[in-house]
Amino acid sequence: MTNHSDHARLDPFTEPAVITGIRAGVRDICARFPEAYWRELDAQRQYPVAFVQAMTEAGWLAALIPTRYGGLGHGISEAAVILEEVNRQGGNAGPAHAQMYIMGTLLKYGSPEQQACYLPAIADGRLRLQAFGVTEPEAGTDTTRITTTAVRDGDRYLINGEKMYISRVQHSDLMLLLARTSPRHDAKPTAGLSVFLVDLRQAGNAIASRPLRMLMNNETNAVTIRDLSVPLENLIGVEGEGFRQILDGWNAERILIAAECVGDGRWFVDRAAAYATGRVVFGRPIGANQGVQFPIAAAYARVEAADLVRRRAAASFDAGLPCGPDANMAKYLAAEASWEAANACLDTFGGNGFNAAYDVERKFRETRLYRVAPVSNNLVLAYIGHRVLGMPRSY
Ligand SMILES: Cc1cc2nc3c(=O)[nH]c(=O)nc-3n(C[C@H](O)[C@H](O)[C@H](O)COP(=O)(O)OP(=O)(O)OC[C@H]3O[C@@H](n4cnc5c(N)ncnc54)[C@H](O)[C@@H]3O)c2cc1C
């Protein structure tokens, strides 16, 4: 017979104290921003300025920045839990997550001078790195087809192009931007792309952002760039190798998205189970009906399974081991599981599920994004089919 403490000791998935401490710290902040806060912002399509500020002041958004630059020096395992907790408490990590998604490119490819210049200011909140400019209207998921160009002009680059669905531009000081520095060649389409750290505060009229109304509250823009002059020292890494530099950050991004989905999934399951237990129709709780109970139980099982793959991917990432297959599977499984949980929750709430006052419809819209962006689940399956299982390339 094992008692509870034996179980905890034997359980290989027991969370270390640092993780439980992170959960508690993030929950404390989330308690100051209850669901009514998010509901109100959603209705007005407003950015959660106060929440992002509080997360920044507590240091959570600098989780991945090394301690020597004033960050928390955490790995992806810890950073993922921060985003998971925000979503699990009924909030939305989306307005603040980019700083973590794109940090890898700056940490791995930024020069010592760039890191010393930007990281301390990002860590203490003087600079916000929340914008990431990759997608374009015509290129779609085929990133090698982007047509934004950066042309070398002495000690500067002149950038021109159109970007689409670029989030948080109005609430960021810096944008990591992907542009073509030499024309695309079919023989090696990924060559000739470069990454720039654009200081949006100095862009003036060269960058025009047109806000788009999206399904959920997400500050997202169509961005036009006209003769944007960027100094040479804002090129990240090596000219022409930007695709690989961005690609290198994708495993981290997939693990972090998976964590956000797990947080959403747990919120939906908790809400649905509680509602199904308390709501009495035909003289008994609706959760006594298998048609209501089983979809919630199935969603719970899928969310927990996705979480295990997410944790394995994060552990490999932090250990410097290859984690592409796990990171992609985690993203796929978690996005599907949270969507399934969202539907089970909406069905359980019946008409109330459609009423904004219950927050279910808001979270339903928020979690739907992750099947499509920042990478669609189809492309994740294409990666697994081709790169992991060795089937013919489908794209
Ligand atoms: C709210 C929101 C915020 C966003 N924020 C940002 C941001 O900050 N920065 C940024 O750069 N981008 C951002 N995006 C863009 C996002 O990354 C893209 O929308 C996403 O990667 C999908 O690309 P697409 O829209 O061009 O779809 P497309 O590439 O046009 O694809 C359309 C559909 O076809 C499918 N498809 C395409 N090719 C294949 C294939 N070979 N096999 C199978 N299926 C295929 C896709 O899965 C998708 O479902 C955001 C998008 C949204 C909705």
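So the values come out like this:
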item	result
Top-ranked residue in region 357-369 [being more than 14 Å from the ligand (Cβ to nearest atom) and assigned to a helix (DSSP H, G or I); ranked as most open to solvent (accessible area, probe 1.4 Å)]	358
Identity of the residue in region 122-163, touching a Gly at 6+ places or on another chain (Cβ under 9 Å) and of a type in the set (A, V, I, L, M), that ends up surrounded by the most Cβ atoms within 10 Å (Cβ to Cβ)	150
Residues of region 276-334 that turn out to be part of a loop (DSSP other than H, G, I, E, B), farther than 20 Å from residue 256 by Cα and either open to solvent by 70 Å² or more (accessible area, probe 1.4 Å) or modelled with pLDDT under 95 (or both), as a count	3
Tabulated pairs, region 18-47, first under 17 Å from residue 59 (Cβ atoms) and open to solvent by 60 Å² or more (accessible area, probe 1.4 Å), second aliphatic (A, V, I, L, M) and modelled with pLDDT of 95 or more, C-beta under 9 angstrom, 6+ apart or interchain	28/58; 32/50; 32/54
Any hit, region 382-394, residues being at pLDDT 95 or above and either in contact with a Cys (Cβ under 7 Å, 6 or more places away or on another chain) or under 28 Å from residue 217 (Cα atoms) (or both)	no
Residues of region 186-244 satisfying the condition of being in contact (Cβ under 8 Å) with a residue 40 or more places away in the chain, in a strand (DSSP E or B) and of a type in the set (Gly, Ala, Ser)	194, 209, 222, 229
Test result for residue 342, small (Gly, Ala, Ser), surrounded by fewer than 21 Cβ atoms within 10 Å (Cβ to Cβ) and away from the ligand (no atom under 15 Å from the Cβ)	no
Residue match in region 90-103 (condition: under 24 Å from residue 231 (Cα atoms), at pLDDT 95 or above and either exposed (fewer than 15 other Cβ atoms within 10 Å of the Cβ) or more than 13 Å from the ligand (Cβ to nearest atom) (or both))	no
Search result, residues across region 370-386 that are among the aliphatic types (A, V, I, L, M), part of a helix (DSSP H, G or I) and surrounded by fewer than 19 Cβ atoms within 10 Å (Cβ to Cβ)	379, 381, 382, 384
Index of the failed condition, residue 241 passing every other in (1) open to solvent by less than 20 Å² (accessible area, probe 1.4 Å); (2) at pLDDT 95 or above	(1)
Condition met for residue 248 (over 21 Å from residue 366 (Cβ atoms) and either in contact (Cβ under 8 Å) with a residue 40 or more places away in the chain or open to solvent by 20 Å² or more (accessible area, probe 1.4 Å) (or both))	yes
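The values are calculated or read from the model by the stated rules, or taken from the named source; none is laboratory data. This one's a predicted model, so the numbers in the text were calculated from it and none came from an experiment. Glycine gets a Cβ as well: all are built from the backbone with ideal geometry, and neighbour counts include every protein chain shown. Just the protein is used for accessible areas: all its heavy atoms, side chains included, with ligands, DNA and RNA removed. Shrake-Rupley method; radii C 1.70, N 1.55, O 1.52, S 1.80 Å.
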